[in-house]
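First comes the structure, then the notes that go with it.
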Amino acid sequence: MIVVITTSTLPNCNSLSPSWRDNSSSQLLSGDISRRGSAMFLTRAKSSPDDYHSTLKSLNSRGRFPRKSLGQHYMLNSDINDQLASAADVKEGDFVLEIGPGTGSLTNVLINLGATVLAIEKDPHMVALVSERFAASDKFTVLQEDFVKSHIRSHMLSVLESRSLLDTDPSLAKVVSNLPFNISTDVVKLLLPMGDIFSKVVLLLQDEAALRLVEPALRTSEYRPINILINFYSEPEYNFRVPRENFFPQPKVDAAVVTFKLKHPRDYPDVSSTKSFFSLVNSAFNGKRKMLRKSLQHISSSPEIEKALGVAGLPVTSRPEELTLDDFVKLHNVIARE
């Protein structure tokens, strides 16, 4: 069920006592922030950027604290949000999907650039906060859902059809998001096969994960089926590293911004069936250290796999971590024809 939170459902902010405290932030919350004046960041001028103090103040005003179970780390540097939007080339009239808007600091940048934003947020408290913050804007909608369980294709098709009916620019949508680190792989798997809907997916990910997704080397333990999937559906690019000091609470690792330029379905590698192709890839990596003639025995006999490898121009002793995307495509197509 889709739940759209409106301002009529929000609690009275004045009734919430500031109870968020920890060793690193209690002095800031009781001292530095209070000296910045009584005006809440939710009611500041639209063009004002977010910063360290406003992010902490907005959370403290609600008695909220980041939830570890949801992987919440809030951005404290408005320049990073600007660079995220710049990486996606967000401009007037764009439609942007944002996953996990949190306090709305990135959302604010996207709306100020003229984009219409659909946000998906799992935490009901954050839904309430951004609903109130952007209540006056006709360019913002938030759905309270778990993104990895949501019917995002259905949501997006409905939105894009509505925009087309309104004679607006029918260009594809974009994704710009500061993701919770714990769902990054699931999000990538869900979004990249949607090149008929999105043109770009720009994500802030854990730095080590970003490197594994974008720059894995053949014949290494980091080379996995998801690398084949990423290159099948997109052209990935590692943009820049974001030091951990830019987040609250500070995570134990740095982050990085990655851009996935999605391929349109007509530009996917030529395979007879994407389902059977990725089934072959996953089967190959299930026995990662095994030769393919062994790990693919459930598909064909060892001699038949050896023959297919030869026809595809690959050594009969090939292992999965030695094959590029093009190699897997050739091997799949040879096996599919037999």
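Tell me, in nm to one decimal, what length is gained between GLU245 and VAL311 on full extension, where the rule is 0.36 nm per residue of separation less the Cα-Cα distance? Kindly include the intermediate steps, with their values, before the conclusion.
Values: separation 66, 0.36 × 66 = 23.76 nm, distance 5.24 nm.
Result for the pair: 18.5 nm of gain on full extension.
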- Message: I need THR324, THR141, THR107, THR259 ordered by Cβ neighbour count within 10 Å, fewest first.
- Response: THR324, THR141, THR259, THR107
- Query: Modelled label-to-label distance, ASP138 and TYR238, 7 Å Cα→beta-carbon offset: nm?
  - Reply: 4.5 nm
- Message: On the Cα set of region 274-337, report Rg and Dmax in Å, please.
- Response: 10.0, 27
- Message: For ARG289, ARG212, which order do you get if you count the other beta carbons within 10 Å of each Cβ and list the fewest first?
- Response: ARG289, ARG212
- Item | Burial ordering of ARG319, ARG133, ARG266, ARG244, fewest other beta-carbon atoms within 10 Å first | ARG266, ARG244, ARG319, ARG133
- Residue separation times 0.36 nm, minus the C-alpha to C-alpha distance between LYS252 and ASP267: what's the value? 1.5 nm
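Which net charge results for the neighbourhood of SER300, defined as the other residues with beta-carbon distances under 10 angstrom from its beta-carbon, given Lys and Arg at +1 and Asp and Glu at -1?
My count for the surroundings of SER300 gives -1.
Treating the beta-carbon of each Lys and Arg as +1 and of each Asp and Glu as -1, no other charges, what is the dipole magnitude of region 86-237 about its Cα centre, to the nearest 20 debye? Present the calculation step by step, with values, prior to reporting the outcome.
Numbers: 13 positive and 21 negative charges, 57 e Å.
Its charge dipole is roughly 280 debye.
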- Task: Specify which residue in the list LEU203, PRO180, TYR223 is farthest towards the positive end of the charge dipole of region 138-231, using unit charges on the beta carbon of Lys, Arg (+1) and Asp, Glu (-1), about the Cα centre.
- Result: TYR223
- Note on the structure: For region 78-89, Karplus-derived ³J(HN,Hα) couplings (6.51, -1.76, 1.60; θ = phi - 60°; whole Hz; x for glycine and proline) come out as 5, 5, 5, 4, 4, 6, 4, 5, 5, 4, 8, 6
- Task: Can you tell me the FRET efficiency between SER150 and LYS91 if r is taken as the Cβ-Cβ distance and R0 is 30 Å, rounded to the nearest 0.05?
- Result: 0.70
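Each value in this text was obtained by applying a stated rule to the coordinates, not by laboratory testing. This one's a predicted model, so the numbers in the text were calculated from it and none came from an experiment. Note that each Cβ is placed from the backbone with ideal geometry, even for glycine, and that neighbours are counted across all protein chains shown.
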